[in-house]
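**Q** Dumping the structure here so I can ask a few things about it.
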Amino acid sequence: MTSGLVVLAQATADGNAFAQMIVDGISFGAIYALLAMGFVIIFKSTSVINFAHGALTGLGAFLIAAFATVLDFPGRYLTFLPEWAQWTVNVLTALVAAALFGILLERVFLRPMVGEALFAVAIVTLGVDIVVRTITNDWIGTQPRPLGAPWGLAVVDLGWVRIAWSEVIQILVTIILLGAIAFFLRSRTGVAMRATAFDQETARAQGVNVGRIFSVAWAIAAFLAGVAGLFYSIFPRRATGVDQATAFIAFRAFPAVIIGGLDSIPGAVVGGFAVGIAESAANTYLTFDFLGNGFPGIVGYLLMMVVLLIRPYGLLGTPEIRRV
Amino acid sequence: MRNKPKWLALFLVLGLVLAACGGGEGGDTTTTAAAEEEATTTAAAEEEPTTTAAAEEEPAAEIATDVGVDLEAGTITIGLLSDLSGPFSPLVQVINTGHDLYWASVNEAGGINGLNVQLEVRDTGYVVDTHVQLYEELKSQVVAFGHSTGSPHTVAINSSLQADGILAIPLTWYSGWSDPAINANLVPHGVPYCIEAMNMIEYLTTQAPDATTIAIASSPGDYGQDSNAGAVLVAEALGLEVVYDGTGTIVATDPATLAEAANGIAGSGAELVWVTTDPTSFGGVYGQALAAGFSGALWSGAGPSWNPALIGPDSPIAEPLANDFYISQYYAPWAADSPGNQMVRDLVEAAGAPPLDYYAEGVIEAKIMHEALLAAYEAGDMTQAGVLAAAKSLESVTFDGLAPDETYVGEANDRLQRLQFISRPDLEGLAGGTSTGATLIESDYTSPTAEAYQFDAACFALEAG
Amino acid sequence: MRGRPLLYTSYQADQALLNTTTKKVMLGLLLLVVATIPFQVIPGLDFLGSDDWLRLLSTTAIFVVGALGLNLLTGLAGQVSLGHAFFMGVGAYTAVWLGGPEDAPLLGLGLPIWIWLPAAGIVAALIGVAVGPTAVRVRGLYLAIVTLGLVFIGDYVFRNWDSLSGGAQVGRDFPPLQFRLWKEEEPLIDFTTPGTWFGVEVSGLAKSFFLLVTIAVVFTLLAKNLQRTRVGRAFMSIRDRDIAAEIMGVDEFGYKLLAFGISSFFAGISGALLASFVVRVIPERWDLFLSVQFIAIILIGGAGTVTGAILGSAFVVLLPRLVGDFTQWLQSVALGEGFGSAIANVFVATTPNDFGLVNTFAGIGPGLSVAQLNLVIYGLLIIGFLIFEPLGLYGIWLRIRNYWKGWPFTY
């Protein structure tokens, strides 16, 4: 307790610690934001609460490990490229494979459930999660699988704050993906997707291929989950790569979704960064002994409860209108 | 008349259900049938019920048997309560392969005086109630338990083991297993976590004589807490200051706890670091500490914290870790030059399985069981109680250099295993496929503090109530 | 009314628990079978009396209590909860605080079972009602994630409250199933040790089995009766159309809270019994997977039906055992001779580099381990039931029953 207070006093006096806390929070928040965004995209366009998001994350990271380090495909045929470019091509291939897998999951397990109660569909995804996660774990096997990111241990030291190169890239990639998705939602398919989210039947009547929209949504979500899995599994997070516990990260992103609002993509981003920074802050400042171990891990959920008490549909979510 | 067909239907359904149950029963000759017979495990026994008395009457073999030993069919059945789907499944799967290979070779060479050993493996998933459930299932089929994974799990079946008079080998290195108040039916092996920490940390101080500070962190539970209890004891004895104590902090599935431990270690500026957890979490903590600018300290952790993947070809932390890390081991690494290791290598290579360190653990457990079974055979008592008594009277079990000798007689303090192995990471060997990433530097090592340590009870108590 | 079994002359008769003679007779038979299981007298079913099967069946009985609770909340009132494991944990730790040994280093008051068991339910119910307002405020799918949060927060509290739970990965022993009047040394009835009841030898497990089955029967009656009352109908009206229910004068907030309370009560009792039956439990036991298991139970069994909760519990508890036995059988076939062996070999790998769907060679190499196969089957069953048979096992049973009801004129 006393030691905790001393740490608190020191930390608040120390501006650098605060800056470091924010940077760490943003870096982790980016992972949550990517996961939350995929989750929201699925929910918005297909009204499915996807409990299989963790499985998609683990699978995406595994596929990247497989393509980038085990198979080195298609990089091994692209010898004219520098090594980092080969790696990037491998990763993109893996992410496309992950996206295709997302489409497959939706077609096989969720398409038959269209029109069923939302709750039933959500539970189907719980079943999908168990199946996919178990099979992925079998493929991952006994040892963590490295992803072979080219940045290695490189760290940017600005004096007042330190950040790994991989984290810089991760934040950049997240921003690019956010922009891409914002842009995509204004494209023809994006508009069709928003129309589907608003009212499936009307969208269909207007000539929107709703089935294709579902596929696109799952593909995007699986892609984003793969990216999140990638950055979660490399230095400095889990330096050794993807293992059987990787998939659990998605449970940390659920509060981000709810805080932002289940159906709001900007909300997912806000929620993701909010949870990341809250965890980081708890890690830096809430080091009191009586809080025991693992308190930062539930900060997201506590924040979620508080937000829900004030706004039951999340910060940026659409209030549910109850019609008779 | 509408009533009648319905009646008929219900009885038919009931009949179908019964038939289904019966069908499942019939197909399952090796398990349930054996449970009913309470003595035998073969299908032959079902056709012509052989009782234990009948087997005993045979003059050729004057061996007493009850459960798990079938003289007629020539089999001995050993149970394994393994975590094959829980957090330790990566390790235990390989350990079980070690069992498989060892017994296959023993059986090929004639078995235990002509009796073939077979394994009944059950997956506990590292859940205590499943563990107890499966114990209940196996106790009427096996003569002893080749291992029981997990400390709270083994504690949970300990009273049943004592009531039923069955032997089990705990697959955990908890120091409490050396306590005579607990281990009446257990034969532990290898250096306990607590003593291991004393050995390793004192060894680190010989490598860094100027070190005055140490940071410790661990997973929760007997594993991390027993280990760190030893770390605190040795730090006191050596005058090291514990500048960060993150005992019980690291939870594998919770990324924030890795950051917490890494920040704590990095912020403490310690010269020695002792982290007892699982390999991936270890990689995360080490990597994040590096990212925070922490370097130059010597690192180590209890045996299961290490995995060669940490220094694998694509691991970014390979180089610094190879410099900083000392590997603690309960048995000699794969590539070590000893007859015991050679035997393991031969077995594994013949089966075409990939080289890994953990087969050795399975072989060691199987070897202890082998000795116990031989002794029980000698004594003419291969009942569950007989095998237990035989194991408890083993004066010395040797592993031909694979692991330090074990003894199960005498005072607890004399029996306590204090010897272990220390290796350094071996980048070239791992990349070249000549080793599993570890070069042995110390065999049968024990530190002065560990040597002087007087054992009277577990370093970390698993409170009963 | 002989010969016209479906003609009811009063509302009471129509709504009676056992409204047909068949049901009465079948229930009687079932109870008789259950009562004789430990004595292994029925040929063909005698294996159920072995220790491990008694343990499985007792666990089933414990799960039935919990499943009935979740069924009231999710199946009847339509509120999806992933927080069931949390309430079971609350029940278990209430039990151990009240019933644990007094002079031990951990918290315990040494009170007898007739205090700690009901208290486990009551405390869980109180906490259920306390978190209710947050939960009731959010609706539908938000609720699923809020209750998911409960599991994680509960896990954190249980892991860190060392003096109560024994600590993460360490756990503690729970009070045994023993009946005492107060704190006397010798229990009046000990359900854990062998003894003689009415002149018949019964093992400890048989005693626990009888106790747990009795408790399960009592709770089944409770749940079944609740369903038939005003409260049960109010729950169903909220599930089917909450606004319509409110307009009819059903107090939505109050009934949702009540559903949470009752469901948590069942969960608390179930958790306390589970911990007590297992004896040693680590705080990680009350995790999300346990909640998912209960969701699976009511979905596989058939949401909203008491029969479904029972069938589902039996299914989920026995499934790992059946899958394990099946793969063992498959392995024995694969290792044998002839045509069957060739077919089985496709599915099962017995050496490290053999290919097969299931790898019984301790799990390294290609193919799923038996445990993994178990999980995959589990997941596929959840999916399969939801897609193909939303009414679950109960639905299948209904169809069988209706087929034979009209036999031979079924079409």
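The values are calculated or read from the model by the stated rules, or taken from the named source; none is laboratory data. All values reported here derive from a predicted model rather than from experimental measurement. Positions of Cβ are backbone-derived with ideal geometry, glycine not excepted, and every protein chain shown enters the neighbour counts. Surface areas here come from the heavy atoms of the whole protein model, side chains and all, with no ligands, DNA or RNA. Shrake-Rupley method; radii C 1.70, N 1.55, O 1.52, S 1.80 Å.
**Q** What strands (runs of 3 or more DSSP E) lie completely within the stretch B:60-151 and have 2 or more residues being surrounded by fewer than 24 Cβ atoms within 10 Å (Cβ to Cβ) and within 12 Å of another protein chain (Cβ to nearest Cβ)?
**A** Because the criterion is at least 2 residues that are surrounded by fewer than 24 Cβ atoms within 10 Å (Cβ to Cβ) and within 12 Å of another protein chain (Cβ to nearest Cβ), the strands (runs of 3 or more DSSP E) in the stretch B:60-151 that meet it are B:116-123.
**Q** Mind listing just one residue for me: the one in the stretch A:278-318 that is modelled with pLDDT under 90 and among the aromatic types (F, W, Y) and, of those, nearest to C:G149 (Cα to Cα)?
**A** A:F295
**Q** Inside the stretch C:188-209, can you point out the residues that are buried (at least 20 other Cβ atoms within 10 Å of the Cβ) and either in contact (Cβ under 8 Å) with a residue 60 or more places away in the chain or part of a helix (DSSP H, G or I) (or both)?
**A** Within the stretch C:188-209, C:L205, C:A206, C:K207, C:S208, C:F209 meet the criteria.
**Q** Let me ask something else about it. Please verify whether B:V191 is assigned to a loop (DSSP other than H, G, I, E, B), hydrophobic (A, V, I, L, M, F, W, C) and more than 14 Å from chain C (Cβ to nearest Cβ), treating the condition exactly as stated.
**A** Answer is yes for this residue.
**Q** Looking at the stretch A:235-268 only, could you name the residues that are of a type in the set (V, I, T) and closer than 24 Å to B:L91 by Cβ?
**A** Answer for the stretch A:235-268, where residues must be of a type in the set (V, I, T) and closer than 24 Å to B:L91 by Cβ: A:T240, A:V242, A:T246, A:I249.
**Q** So, one more: Among the helices (runs of 4 or more DSSP H) contained in the stretch B:214-303, which hold 2 or more residues that are modelled with pLDDT of 95 or more?
**A** Result: B:221-238.
**Q** Got at least one residue in the stretch C:357-377 being modelled with pLDDT under 80, away from chain A (no Cβ under 13 Å) and open to solvent by less than 50 Å² (accessible area, probe 1.4 Å)?
**A** Within the stretch C:357-377, one or more residues are modelled with pLDDT under 80, away from chain A (no Cβ under 13 Å) and open to solvent by less than 50 Å² (accessible area, probe 1.4 Å).
**Q** Condition (residue is within 14 Å of chain C (Cβ to nearest Cβ), open to solvent by 30 Å² or more (accessible area, probe 1.4 Å) and either under 21 Å from A:A228 (Cβ atoms) or under 20 Å from the mean Cα position of the chain (by Cα) (or both)) applied to the stretch A:142-159: is it met by at least one residue?
**A** Checked against the condition, which is being within 14 Å of chain C (Cβ to nearest Cβ), open to solvent by 30 Å² or more (accessible area, probe 1.4 Å) and either under 21 Å from A:A228 (Cβ atoms) or under 20 Å from the mean Cα position of the chain (by Cα) (or both), the stretch A:142-159 yields no hits at all.
**Q** For a quick check of your reading of the model, give me the residue pairs whose first member lies in the stretch A:252-278 and is more than 11 Å from chain C (Cβ to nearest Cβ), whose second is outside any helix (DSSP H, G or I) and open to solvent by 20 Å² or more (accessible area, probe 1.4 Å), with beta-carbon atoms closer than 7 Å and at least 6 apart or on different chains.
**A** Close Cβ pairs satisfying both conditions: A:G260/A:L315; A:G260/A:L316; A:S264/A:L316; A:P266/A:L316; A:G267/A:L315; A:G267/A:L316; A:V270/A:L315; A:V270/A:L316.
**Q** Take the conditions in contact with a Phe, Trp or Tyr (Cβ under 6 Å, 6 or more places away or on another chain), part of a helix (DSSP H, G or I) and not hydrophobic (A, V, I, L, M, F, W, C) and apply them to C:G75. Does it pass?
**A** no
**Q** Let me ask something else. Just wondering, is there one or more residues in the stretch A:316-323 that are farther than 26 Å from C:D242 by Cβ, open to solvent by 40 Å² or more (accessible area, probe 1.4 Å), at the interface with chain C (Cβ under 8 Å from one of its Cβ atoms) and without any contact (Cβ under 8 Å) to a residue 60 or more places away in the chain?
**A** Looking through the stretch A:316-323, none of the residues is farther than 26 Å from C:D242 by Cβ, open to solvent by 40 Å² or more (accessible area, probe 1.4 Å), at the interface with chain C (Cβ under 8 Å from one of its Cβ atoms) and without any contact (Cβ under 8 Å) to a residue 60 or more places away in the chain.
**Q** Does A:G226 satisfy the criteria of being open to solvent by less than 10 Å² (accessible area, probe 1.4 Å), under 26 Å from C:T134 (Cβ atoms) and either outside any helix (DSSP H, G or I) or touching a residue at least 40 places away in the same chain (Cβ under 8 Å) (or both)?
**A** no
**Q** Among the candidates C:T36, C:T22, C:T60, which residue alone is within 18 Å of C:F315 (Cβ to Cβ) and surrounded by 14 or more Cβ atoms within 10 Å (Cβ to Cβ)?
**A** The match here is C:T60.
Yes/no matrix, rows are residues, columns are (1) within 27 Å of C:V138 (Cβ to Cβ); (2) in contact with a Leu (Cβ under 9 Å, 6 or more places away or on another chain); (3) free of Cβ contacts under 8 Å to residues at least 40 places away in the same chain; (4) assigned to a helix (DSSP H, G or I):
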| site | (1), (2), (3), (4) |
| --- | --- |
| C:G249 | yes, no, yes, no |
| C:F253 | yes, no, no, yes |
| C:G261 | yes, yes, no, yes |
| C:S264 | yes, yes, no, yes |
| C:S270 | yes, yes, no, yes |
| C:A275 | no, no, no, yes |
| C:I295 | yes, yes, no, yes |
| C:I298 | yes, yes, no, yes |
| C:L311 | no, yes, no, yes |
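**Q** Here are the criteria: (1) buried (at least 24 other Cβ atoms within 10 Å of the Cβ); (2) β-branched (V, I, T); (3) without any contact (Cβ under 8 Å) to a residue 24 or more places away in the chain. Tell me which single one A:T79 does not satisfy.
**A** A:T79 satisfies every listed condition except (1).
**Q** Please determine, by comparing only the residues of the stretch A:24-43 that are out of contact with any Leu (no Cβ under 9 Å at 6 or more places or on another chain) and open to solvent by 30 Å² or more (accessible area, probe 1.4 Å), which one is modelled with the lowest pLDDT.
**A** A:D24
**Q** Among the residues of the stretch C:162-181 satisfying the criterion of being away from chain B (no Cβ under 11 Å) and touching a Phe, Trp or Tyr at 6+ places or on another chain (Cβ under 8 Å), which is surrounded by the fewest Cβ atoms within 10 Å (Cβ to Cβ)?
**A** C:F179
**Q** Looking at the stretch C:134-151, can you tell me whether even one residue there is within 14 Å of chain B (Cβ to nearest Cβ) and either touching a residue at least 12 places away in the same chain (Cβ under 8 Å) or buried (at least 24 other Cβ atoms within 10 Å of the Cβ) (or both)?
**A** Yes: the stretch C:134-151 contains one or more residues that are within 14 Å of chain B (Cβ to nearest Cβ) and either touching a residue at least 12 places away in the same chain (Cβ under 8 Å) or buried (at least 24 other Cβ atoms within 10 Å of the Cβ) (or both).
**Q** Looking at B:G239, B:G301, B:G248, B:G312, which one is under 30 Å from B:D179 (Cα atoms) and in contact with a Pro (Cβ under 8 Å, 6 or more places away or on another chain)?
**A** Matching residue, one of B:G239, B:G301, B:G248, B:G312: B:G248.
Table: residues versus (1) touching a helix residue (DSSP H, G or I) at 6+ places or on another chain (Cβ under 6 Å); (2) under 30 Å from B:G248 (Cα atoms).
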site	(1), (2)
B:G283	yes, yes
B:A297	no, yes
B:P320	no, yes
B:D381	no, no
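Matching residues to (1) in contact (Cβ under 8 Å) with a residue 24 or more places away in the chain; (2) among the aliphatic types (A, V, I, L, M); (3) closer than 17 Å to A:S215 by Cβ:
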residue	(1), (2), (3)
A:G29	yes, no, no
A:A65	yes, yes, no
A:A85	no, yes, no
A:L100	yes, yes, yes
A:L105	yes, yes, yes
A:F119	no, no, no
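**Q** In the stretch C:92-107, which residue that is open to solvent by less than 30 Å² (accessible area, probe 1.4 Å), outside any helix (DSSP H, G or I) and in contact (Cβ under 8 Å) with a residue 24 or more places away in the chain is nearest to C:F179 (Cα to Cα)?
**A** C:G100
**Q** What's the number of the only condition in (1) open to solvent by less than 20 Å² (accessible area, probe 1.4 Å); (2) closer than 21 Å to B:V92 by Cα; (3) in contact (Cβ under 8 Å) with a residue 60 or more places away in the chain; (4) more than 9 Å from chain A (Cβ to nearest Cβ) that B:Y326 fails to meet?
**A** Of the numbered conditions (1) open to solvent by less than 20 Å² (accessible area, probe 1.4 Å); (2) closer than 21 Å to B:V92 by Cα; (3) in contact (Cβ under 8 Å) with a residue 60 or more places away in the chain; (4) more than 9 Å from chain A (Cβ to nearest Cβ), the odd one out for B:Y326 is (2).
**Q** Out of A:G241, A:G229, I need the residue that is touching a helix residue (DSSP H, G or I) at 6+ places or on another chain (Cβ under 8 Å), on the phi > 0 side of the Ramachandran plot and within 14 Å of chain B (Cβ to nearest Cβ). Which one?
**A** A:G241
**Q** Have a look at A:V173, A:V114 and point out the one that is open to solvent by 10 Å² or more (accessible area, probe 1.4 Å), away from chain C (no Cβ under 14 Å) and β-branched (V, I, T).
**A** Exactly one residue qualifies, and that residue is A:V173.
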